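No lab work stands behind these numbers, since they all come straight from the coordinates. The structure presented is a predicted model; accordingly, all values stated were derived computationally and were not measured. Note that each Cβ is placed from the backbone with ideal geometry, even for glycine, and that neighbours are counted across all protein chains shown.
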Amino acid sequence: MFLPRFWLQCLLIAGICFYPLACGQDDRLLIKIGVNVPKTTAPTYTLMRQAMIDQANTYNTEKHQDRIEIVWNGVQDGEAGKNPVAMERQQVTTMLNQGVQVLILSTVDSRSAYAILREAKSPNRPRPVPVITLDTMLGSSQIRGHLAINEIRLGEIAAKYAVEQVEGRGNILVLEGPLGSPSFRQLTIGIYRILDQYRTIRVLSKSSLANTNEGRRLTSQIIRDYAQNVQAVICVNSDLVVGAVESVNLYGMAEQIVTVGIGASRVATALIISGQHDAEVDLQPYERGKIALKLALDAYYDKPIKTDQNQTQFGPSRIITAANYTDLEKMWPNLIREQQSR
């Protein structure tokens, strides 16, 4: 006996809907990864977030037994004027209560962050939430892993490029940034590790506020004091080097003085593109985002975490020059597109 066409169609539709994925449902295990950073709008975190979302989308379309959801929190993304430490504690607690199973934490205050670590390990939770720290490392016994920038390595990359360009000789000005900053100190150590290997290089060093005005003022001072006998300027950040480049151009010495910065800011990158600035060290935040997600998944599955030093894995870095500035397309897409359209 044949069923009428109408009933055949009904049975077909019902059969399809019993297959969950065909009806828009996904019954795979959900892994919720929480990420807490000070401010999403910082270019570094914007790119890391995009990398994690891109990787999660790729993972979710592949044939895995589970899928990933990224729960993102920028402590200072919303209303200004509130206490960031209190906001962070409240927002991260909310994420934990929403069921995140791994927490990636870049804290606004390392001292108060230990309360977050205790909360993540609270016995009231179905299972302890492993924590991966980002940028600022907390107590090694309370975290699962740490993703950091190898600041000494950044300094070495900057110095090696400068040394190669001046063929290992001459006067090199190093703008170190402010005294008392652990981050700038590490960068400076890396710079001197390279420069100190060359007896034919004379280091002219200056501590300074890490801003463009200081870069301009100090570079002009050294160029004057040394009768323009300066072969390179290495700066611990992009803000300083932008000022240094302005000073070098003011003296008409762009062809004689090599300039190198660290950070690859938008302005510094534009100066490379226009031929006024030689090189920047890029911290590759998109790649760091991919590494952060990999560390989180390893923590979730309780796999051994690859480390470079103690519990720390270092993100990659590279030199950016006029020959490869398009590698920064993800970071500064509008800038690169503007240049390519000319």
Discussion item. For q values of 0.15, 0.16 Å⁻¹, compute log₁₀ I(q)/I(0) with the Debye formula on a Cα-only model of the range 60-104, without solvent.
Written reply: -0.50, -0.54
Practice prompt. Using every pair of alpha-carbon atoms in the range 78-154, split the distances into 5 Å bins beginning at 0 and state the percent of pairs per bin, rounded to integers.
Written response: 3, 14, 26, 23, 17, 9, 6, 1, 0
Response to the item:
Among the DSSP H helices of the chain, those whose Cα atoms extend at least 15 Å along the helix axis and whose mean Kyte-Doolittle hydropathy is -1.0 or higher are 5-17, 43-61, 84-97, 151-165, 182-195, 238-250, 285-300
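Computed over the Cα atoms of the range 120-200, what is the convex hull's projected area averaged over all directions, in nm²?
For the range 120-200, averaging the hull's shadow over all directions gives 7.3 nm².
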Fill in: Eligible aspartates and glutamates near Lys206 by straight Cα distance, threshold 20 Å, same-chain separation 8 or greater
Glu151, Glu156, Glu176, Asp196, Glu214, Asp225, Asp239, Glu246, Glu280
Worksheet entry | Peptides ranked, highest mean first, by Cβ atoms within 10 Å: ranges 67-77, 102-112 | 102-112, 67-77
Worksheet item: Under a straight-distance cross-link criterion of Cα-Cα below 24 Å, which lysines are reachable from Lys290, leaving out those fewer than 8 residues away in the same chain?
Response: Lys32, Lys39, Lys63, Lys303, Lys306, Lys330
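Of all alpha-carbon pairs in the range 209-342, indicate the percentage at a distance above 24 angstrom. Please report the intermediate quantities before stating the final value.
Numbers: 3726 of 8911 pairs.
Result for the distance tail: 42 percent.
If packing is taken as the average number of other Cβ atoms within 10 Å across a peptide's residues, how do 145-157, 193-205 rank, most packed first? Intermediate values should be presented prior to the final figure.
Numbers: 145-157: 21.6, 193-205: 15.1.
Answer by packing, highest mean first, reads 145-157, 193-205.
Using only C-alpha atoms and all pairs of different ones, pull out the Kirkwood radius for the chain in Å with one decimal.
Numbers: mean 1/r = 0.0440 Å⁻¹.
It works out to 22.7 Å.
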Worksheet item: With no solvent and one point per C-alpha, what does the Debye sum give as log10 I(q)/I(0) for the range 27-148 at q = 0.09, 0.10 Å⁻¹?
Response: -0.24, -0.30
Practice prompt. Using the 2.2 N^0.38 Å rule of thumb for compact globular proteins, work out how the range 266-342 stacks up: its C-alpha Rg over that value, please.
Written response: 1.43
Worksheet item: With a Cα-only, solvent-free Debye model of the range 233-291, what are the log10 I(q)/I(0) values at q = 0.16, 0.25, 0.30 Å⁻¹?
Response: -0.45, -0.92, -1.23
